[in-house]
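The values are calculated or read from the model by the stated rules, or taken from the named source; none is laboratory data. What you are looking at is a predicted structure, and each value in this text was computed from that prediction instead of being measured. Positions of Cβ are generated from backbone atoms using ideal geometry, with glycine treated the same way; all protein chains shown enter the neighbour counts.
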Amino acid sequence: MPEIPDLLTMLKAGVHFGHQLSKRHPKMKPYILMAKNGFHIINLEETQVKLAQALEFVTKVVANGGTILFLGTKKQAQRIIVAAAQECGMPYINERWLGGTITNFSAIAKLIKKYNDLKDKKAKGEFKKYTKKEQLEFDREIEKLEKNVGGIAKITKVPDAIFIIDIKKEKTAINEAMRKNIPTVALCDTNADPNKINYPIPANDDAIKSISLMTKLVTEAVNEGLKKREIKKP
């Protein structure tokens, strides 16, 4: 399992900064240390405990051949999510969660097939026989599909678990995951309901440094799982 950061490392990354007192979700009470200057402060010792559980779960899922979908569509998370997912070869969504990605995967699979087919045809130069206007339309279609399904273009089934940055922003994804019993790992800020998540990690989900630190650890857990998967191979 990746090494759990010490308290100082997490403090430097701003993991402890919660939201204003008025925004506190009552279910986050066990993970709040105190209030300071009108904001809640997350108990980083609790973060360490929950983080260890989450990372252990991620490694186990991947070691058993599973896929973790990285999800973060808020501006601060978009680039971090893409880089992290690509580093460990996992699918990602960083633009927009398409309704039905889990609950109606067959429809999403059709979009993925269309995207892959168009990209393949373009790579083979099959669009050259069309007019410039038609070629431009194909390019626009590819660009649109890239935003919607580019990060999940290689998946053939629903993911085995989802790692989420902001559970308030990604509530549609969480509702779909709950309906289909897909486990979730997520950063839970003081304004969120951790009970909706299987493996909540109490942490600031707004600061880039906090998002980066937590996402990096999940990536390391995935890579560890991939190594264990290789060892298991006959």
Exercise. Out of (1) of a type outside the set (A, V, I, L, M); (2) surrounded by 17 or more Cβ atoms within 10 Å (Cβ to Cβ); (3) closer than 22 Å to residue 27 by Cβ, the odd one out for residue 215 is which?
Worked result: (3)
Exercise. In segment 9-44, what count of residues is obtained for those that are out of contact with any Asp or Glu (no Cβ under 6 Å at 6 or more places or on another chain) and more than 16 Å from residue 211 (Cα to Cα)?
Worked result: 20
Problem set entry | Conditions (1) assigned by TED's automatic domain parsing to the domain that holds residue 75; (2) within 16 Å of the chain's Cα centre (by Cα); number of the one not met by residue 147 | (1)
Problem set entry | Single residue of 139, 120, 160 found to be touching a Ser or Thr at 6+ places or on another chain (Cβ under 6 Å) and surrounded by fewer than 22 Cβ atoms within 10 Å (Cβ to Cβ) | 160
For this session: Would you check if residue 192 is under 30 Å from residue 42 (Cα atoms), modelled with pLDDT under 95 and either surrounded by 18 or more Cβ atoms within 10 Å (Cβ to Cβ) or β-branched (Val, Ile, Thr) (or both)?
Result: yes
Seminar exercise, completed: Considering residues that are closer than 27 Å to residue 61 by Cβ and without any contact (Cβ under 8 Å) to a residue 12 or more places away in the chain, the number found within segment 1-42 is 2
For this session: Pull up segment 13-44, narrow it to residues that are exposed (fewer than 13 other Cβ atoms within 10 Å of the Cβ) and touching a helix residue (DSSP H, G or I) at 6+ places or on another chain (Cβ under 8 Å), then point me to the one that is modelled with the highest pLDDT.
Result: 30
For this session: Being in contact (Cβ under 8 Å) with a residue 40 or more places away in the chain and either loosely packed, with under 14 Cβ neighbours inside 10 Å or in contact with a His (Cβ under 7 Å, 6 or more places away or on another chain) (or both) is the filter here, so list the residues in segment 64-99 that pass it.
Result: 64, 65, 89, 96
For this session: Select from segment 75-132 the residues that are farther than 30 Å from residue 207 by Cα and aromatic (Phe, Trp, Tyr) and list them in ascending order.
Result: 105, 115, 127, 130
Exercise. What are the pairs, 6+ residues apart or on separate chains, where a residue within segment 106-120 that is of a type in the set (Gly, Ala, Ser) has its Cβ under 6 Å from a residue that is surrounded by fewer than 16 Cβ atoms within 10 Å (Cβ to Cβ)?
Worked result: 107/100
For this session: Please verify whether segment 196-206 includes one or more residues that are surrounded by fewer than 22 Cβ atoms within 10 Å (Cβ to Cβ) and out of contact with any Phe, Trp or Tyr (no Cβ under 9 Å at 6 or more places or on another chain).
Result: yes
